[in-house]
Amino acid sequence: MLTKRERYLRTVRGEETDRPPVWIMRQAGRYMPEYMELRKRHEFRELCLIPEASVAASLLPLRLLDIDILIIFNDIMIPLEEMGLPVTFPQGGPRIAQPLRTEADLSRFHAADFDDPPVCRSLRRLKEQAGPDVPALGFAGAPFTLACYAVEGAMSKNKHVIMEMVYREPELLERFLERIADTAANYLIAQIKQGHADGVQLFESWAGLLAPTQDYERFAAKYQRMVIGKVKAACPDTPVHLFAKGSCGLIEAMDASGADVLSVDWSLSLADARRRTGKCLQGNLDPVAMHVPEAVPRLVSRMLEDFDWRRRWIANLGHGILPQAQVEGARAFVQAIQALGR
Ligand code: CP3
């Protein structure tokens with residue numbers, strides 16, 4: 001039998017395995033009563049920053065779902081603080097009290113380097129506790145997505161502030177993006193070198209706002225390539241995953257990013273994605289399937305129609321699991337994938 005770690009690494013390399021590996025974006029979260037218990041004892045920020053707490057959260061999906069790949073519990077917003085932007089996490093999502101809006105804001109927003117940040121201590125501890133057979137991923141927000149939050153200051157519905165900057169002051173936005181790209185690369189490299197992450201994922205949740213092809217290329221793809229290029233130069237053997245929400249029209253650009261694994265949402269069928277890229281795919285069930293446990297086997301079968309799932313595919317959702325999900329739904333998903341090997 002392959003270990004979970006071997007199955008993961010072989011899948012990324014395109015080698016044969018007994019079955020596909022499965023994990024769930026945001027797999028440790030509010031849909032789990034055990035996570036809510038942890039949250040009673042710790043603020044969200046503490047769960048990100050105190051290694052003991054972060055590891056306890058990271059391990060829940062292994063214990064409760066027998067998940068195949070762990071991801072360190074943290075948040076994409078955390079490194080913005082090292083860049084000069086304090087972040088809070090009230091109900092309703094992350095908040096930046098003084099968002100980036102003007103040229104003058106460049107003086108309080110700088111690229112950050114990381115020696116041994118809390119996330120690396122958490123990763124080492126996670127690897128110790130889960131053992132060498134379970135792979136653990138590190139992650140960072142992709143530059144455009146982090147810039148969205150840094151410029152908007154909060155979760156906004158139509159993201160008009162960042163898009164106004166795209167249209168009115170593109171050069172200013174580019175200067176923010178360069179600093180974020182530098183920081184994200186340093187952060188990922190630290191997670192691999194100091195934290196011994198087995199793989200890393202870049203979360204590009206908001207690039208679907210950008211018009212293809214020019215704006216997506218100028219403000220998202222270019223900076224993804226900068227991050228991935230730097231990571232690959234420092235750590236050539238570590239798989240890099242690129243998740244992009246709104247991936248339907250972007251898959252060719254994702255392919256050109258240098259990532260090893262392309263994580264797509266449900267706006268694109270896996271069969272179609274495979275025709276358009278030779279890279280290892282990840283995804284792409286609608287997270288809302290997790291709210292309807294009895295529908296999961298049928299929806300998994302439909303996801304796999306005309307798709308050769310035996311190679312180069314990591315099962316996942318097309319976006320993060322929601323607080324309204326049922327644990328039974330997540331369990332049904334993991335079990336449906338694990339049954340593919342039998
Ligand atoms: O996958 C995992 O289990 C690791 C943990 C993880 C979190 N956030 C925990 C979290 C990961 C990988 C993220 C990434 C993240 N964070 C993204 C990219 C992925 C995506 O979903 O698009 C984004 C955009 C963020 C920013 C962020 N952090 C938002 C928008 C929110 C609030 C959203 C909401 O549902 O309220 C957070 C807070 C957050 N990050 C929570 C968790 C479990 C909920 C906080 C709580 O417990 O109160």
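The values are calculated or read from the model by the stated rules, or taken from the named source; none is laboratory data. For clarity, every value in this text was computed on a predicted model and none was experimentally measured. When we count neighbours, we look across all protein chains shown, and the Cβ atoms used for this are built from the backbone with ideal geometry, even at glycine. Quick note on the areas: whole protein, heavy atoms, side chains included, nothing else; ligands and nucleic acids left out. Shrake-Rupley method; radii C 1.70, N 1.55, O 1.52, S 1.80 Å.
Would you please give the FRET efficiency between K157 and K193, computed as 1/(1 + (r/R0)^6) with r the Cβ-Cβ distance and R0 = 51 Å, to the nearest 0.05?
On the way: r = 39 Å, r/R0 = 0.76.
Once the sixth-power term is evaluated, E becomes 0.85.
Accessible area per residue for the chain in Å², computed with a 1.4 Å probe and the full protein assembly in place, what is it?
Computed with neighbouring chains in place, this is 42 Å² per residue.
For a quick check, take a GNM of the chain with Cα springs below 10 Å and name the residue from C280, C120, C235 with the largest mean-square fluctuation.
C235
If you roll a 1.4 angstrom probe over the protein chains with everything in place, what fraction of the accessible area of the stretch 1-152 belongs to carbon and sulfur, to the nearest %?
47
Rounded to the nearest 0.05, what FRET efficiency do A233 and V292 have when you use their Cβ-Cβ distance and R0 = 51 Å? Walk me through the numbers before you get to the answer.
Values: r = 44 Å, r/R0 = 0.87.
It comes out at approximately 0.70.
Under 18 Å from a point placed 7 Å out from the Cα of A256 along the Cα-to-Cβ direction: which residues of the stretch 200-230 have their backbone N that close?
Under cut-off, by backbone N: 207-230.
Quote the charge dipole size of the stretch 79-165 about the Cα centre in Debye, to the nearest 20; the model charges only the Cβ of Lys and Arg (+1) and of Asp and Glu (-1).
Taking the Cα centre of the stretch 79-165 as origin, the dipole is about 320 debye.
Note the full-extension length gain between D66 and R13 as 0.36 nm times their separation in residues minus their Cα-Cα distance, in nm to one decimal.
Result for the pair: 16.8 nm of gain on full extension.
If you stretched the chain out fully between Q98 and E169, how much longer would it get, using 0.36 nm times the residue separation minus the C-alpha to C-alpha distance?
Value of the extension gain: 23.7 nm.
Once you put a point 7 Å from the Cα of T213 and another 7 Å from the Cα of E46, both along the Cβ direction, what distance in nm separates them?
For the pair T213/E46, the computed spacing is 5.2 nm.
Taking only Cα atoms and a 10 Å spring cutoff, compute GNM fluctuations for the chain and point out the largest among A53, A289, A211.
Looking only at A53, A289, A211, the biggest GNM fluctuation is shown by A211.
Taking R0 as 41 Å, what FRET efficiency do you get between Q91 and M1 from their Cβ-Cβ distance, rounded to the nearest 0.05?
Computed FRET efficiency for Q91 and M1: 0.40.
Do the alpha carbons of any pairs in K4/K232; K4/K279; K4/K222 sit beyond 28 Å of each other, and which pairs?
K4/K222
What percentage of the solvent-accessible surface of the stretch 179-270, computed with a 1.4 Å probe over protein heavy atoms, is contributed by carbon and sulfur atoms?
So the carbon and sulfur contribution to the accessible surface is 55 percent.
If the cut-off is a Cα-Cα distance under 14 Å, which aspartates and glutamates reach K193, setting aside same-chain residues fewer than 8 apart in sequence?
Answer for K193, where 14 Å is the Cα cut-off: D113, D115, D116, D237, listed by chain and number.
From the protein chains alone at 1.4 Å, what is the descending order of accessible area for D237, D18, largest first?
Descending order: D237, D18.
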